[in-house]
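The values are calculated or read from the model by the stated rules, or taken from the named source; none is laboratory data. No experiment lies behind these values; they were computed from the predicted model shown. Here Cβ is always computed from backbone atoms with ideal geometry, including for glycine, and neighbour counts include all displayed protein chains.
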Amino acid sequence: MRLIELSDEKGQIRFEFWGCNMKCPYCIHIRQPSKDWSVDELVEYAGKSTTDNVYLGGAEPTLQKDLLLLIEQLHSLGKHVILKSNGMKPDVLRNTLPFVQGFVLEIKAASDDTKGIMDLTGMSEERSTKYAGLLKESLSIAKNKWLRVWVRVIPEYVNTETMSRILPELEGASELMIYQFMSNPDFDLPFKGHNEPTPSWREVKELGEMALEKVPQVRLAGERGKMLLKR
Ligand code: SF4
């Protein structure tokens, strides 16, 4: 399995996998160096830790052919696995259902905004249209477990108008996390001329308050740190 990074701190083991089936122009992770690890090595790493919480993220973990084997083994060790995905591989998510505690899925734009999805993912029109359907299927599978949906707010694509079209997809999720674009320069490459936190914190909060109509809690992350909004 190919990883960008692995860590064990703040009560969480994190395996950040390399490679993605999207080419988002603002993504730093698909440009980072990587290294191969065997399933046995990763299970041994997790087994030595005193924490039970394991986050599988990266770029896109569902592309790793041994992902299910890894998750099954972590589960049999008693670990609580959270799997992050862009939602392009619902079949992989479905297979992991008996072994994971929950999921983190990203919504990049309103599902009917094909042009926006093309800009944000670097994918063709055909793939972007297909992705919208696959993401809906992934969300429906993931709602069987704890689910955090996260939205990276790039204001040309996510704003109060488009959020009202995203809201129906949130129904049934456990929480929403809203991330203010460029508020952590280690995570983002400048895009569309944005090279500092955008939109304003006030607008980020407004989007969070809108979402409380559909989810019991919203986490905001940005230049002002973190904030939890509850119904
Ligand atoms: S889907 Fe996520 S990991 Fe993949 S290229 Fe886009 S931002 Fe990066």
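Quick one: residue 115 ticks every box in (1) in contact with a strand residue (DSSP E or B) (Cβ under 8 Å, 6 or more places away or on another chain); (2) more than 23 Å from residue 68 (Cα to Cα) bar one, so which box is it?
For residue 115, the exception is condition (1).
If you go through the stretch 148-158, how many residues are surrounded by 22 or more Cβ atoms within 10 Å (Cβ to Cβ) and under 15 Å from residue 84 (Cα atoms)?
The number of residues fulfilling the criteria is 3.
Taking residue 177, is it in a strand (DSSP E or B) and either in contact (Cβ under 8 Å) with a residue 60 or more places away in the chain or within 16 Å of the ligand (Cβ to nearest atom) (or both)?
Numbers: in a strand (DSSP E or B): yes; either in contact (Cβ under 8 Å) with a residue 60 or more places away in the chain or within 16 Å of the ligand (Cβ to nearest atom) (or both): yes.
Here the answer is yes, as residue 177 does meet what is asked.
Does any residue in the stretch 51-68 that is under 11 Å from residue 17 (Cβ atoms) come within less than 7 Å, Cβ to Cβ, of a residue that is surrounded by fewer than 21 Cβ atoms within 10 Å (Cβ to Cβ) and at pLDDT below 95 six or more places away or on a different chain, and which pairs are these?
Taking only residues 6 or more apart or on different chains, the pairs are 58/29; 59/29; 59/30.
So the check is Cβ under 8 Å with 6+ separation or different chains; which pairs have a first residue in the stretch 121-137 that's over 17 Å from residue 20 (Cβ atoms) and a second one that's part of a helix (DSSP H, G or I)?
Taking only residues 6 or more apart or on different chains, the pairs are 125/114; 125/118; 129/114; 132/114; 132/117; 136/169; 137/90.
Considering each residue of the stretch 90-125, count those that are among the basic types (Lys, Arg), away from the ligand (no atom under 14 Å from the Cβ) and farther than 13 Å from residue 62 by Cα, and give that number. Break it down into steps so the answer makes sense when it comes.
Our first condition is that a residue be among the basic types (Lys, Arg); within the stretch 90-125, this holds for 94, 108, 115.
Filter once more, keeping what is away from the ligand (no atom under 14 Å from the Cβ): 94, 115.
From what is left, the residues that are farther than 13 Å from residue 62 by Cα are 115.
Number satisfying all stated conditions: 1.
If you go through the stretch 185-203 one residue at a time, do you hit one that is assigned to a strand (DSSP E or B) and within 16 Å of the chain's Cα centre (by Cα)? Let's see the steps before the verdict.
The initial filter retains those residues of the stretch 185-203 that are assigned to a strand (DSSP E or B), namely 188, 191, 194, 198.
Now narrow it down to the ones that are within 16 Å of the chain's Cα centre (by Cα): 188.
Scanning the stretch 185-203, I find at least one residue that is assigned to a strand (DSSP E or B) and within 16 Å of the chain's Cα centre (by Cα), so the answer is yes.
Is it true that some residue in the stretch 174-188 is closer than 21 Å to residue 60 by Cβ and acidic (Asp, Glu)?
yes
If I ask for residues that are under 17 Å from residue 121 (Cα atoms) and either more than 16 Å from the ligand (Cβ to nearest atom) or surrounded by 12 or more Cβ atoms within 10 Å (Cβ to Cβ) (or both), which ones from the stretch 4-51 would you list?
Narrowing the stretch 4-51 to residues under 17 Å from residue 121 (Cα atoms): 18-31.
Of everything in the stretch 4-51, those that are under 17 Å from residue 121 (Cα atoms) and either more than 16 Å from the ligand (Cβ to nearest atom) or surrounded by 12 or more Cβ atoms within 10 Å (Cβ to Cβ) (or both) turn out to be 18, 19, 20, 21, 22, 24, 25, 26, 27, 28, 29, 30.
When you go through (1) surrounded by fewer than 21 Cβ atoms within 10 Å (Cβ to Cβ); (2) in contact (Cβ under 8 Å) with a residue 12 or more places away in the chain one by one for residue 109, which number turns out not to apply?
If we test residue 109 against (1) surrounded by fewer than 21 Cβ atoms within 10 Å (Cβ to Cβ); (2) in contact (Cβ under 8 Å) with a residue 12 or more places away in the chain, just (1) comes out false.
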